[in-house]
Amino acid sequence: TKQKWEYAINTGEDFENEARLLRKDGKYLWHLIRATAVKDEKGRPKMWIGSKTDIQEQKTFTQELEEKVIERTAELTKNNIKLENKTIQLEEAQKLAHIGSWEWDVVTNKIEWSDELYRIYGLTPQEFAADYESFIKYVYADDREYVNTIVQKAFKDQQPYRFFHKTASADGNVRILSATGKVITDADGNVIRMSGTAQD
């Protein structure tokens, strides 16, 4: 505060600073101090007009908010680490069981496949952004109508399903998969997502 005030006196520029001022009861309270120079004909400060505003309540609120942000950030960081560890554990479990998982955003027609699901289809993990058309392309030709029928039925009755079908993987192998799925609806009962698993 002293340095800022001395600079303002020397330059004639406006002064503004937050500072804690001591009250008679021994408490320090935050204030906003402003001052503007009244200058003579040569532009030199000849007097100052200022104000002092009590900002203790605002300062307390800001400090409490900052503390909450810091606490929340630390909590999210901790949760992200836990989530990352759980994700790694899930990926390892899927490898051991040769089971992959998927989630289909029906609205955008985007499907998220786990790395193991790509491997089951003979693909490199995250090789392409999956969608329903890409998925059905890897279903064995004779089973595509059957798979489509089950998916459409799930849209209609909104019940979980489990069935077997063959897949013609990218590496040329034909595999038999055990498939499961369920639908997720919005408040109006419209299907917005589907999720499930496929096991070799």
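Every number in this text was worked out from the coordinates using simple rules, so none of it is lab data. A quick note: this is a predicted structure, and the numbers were derived from the prediction, not measured. Note that we place each Cβ from the backbone using ideal geometry, even for glycine, and neighbour counts take in every protein chain shown.
Summary of values
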{"item": "Neighbourhood net charge (12 Å Cβ-Cβ; Lys/Arg +1, Asp/Glu -1) for residue 166", "result": "-1"}
{"item": "Estimated distance in nm for a label pair at residue 162 and residue 148, the labels positioned 7 Å out from Cα along Cα-to-Cβ", "result": "2.7"}
{"item": "Two-site label geometry, residue 47 and residue 192: point separation in nm, points 7 Å out along Cα→Cβ", "result": "6.6"}
{"item": "For a label point 7 Å along the Cα-to-beta-carbon line of residue 14, residues of the stretch 29-54 with backbone N under 16 Å", "result": "32-39, 48-53"}
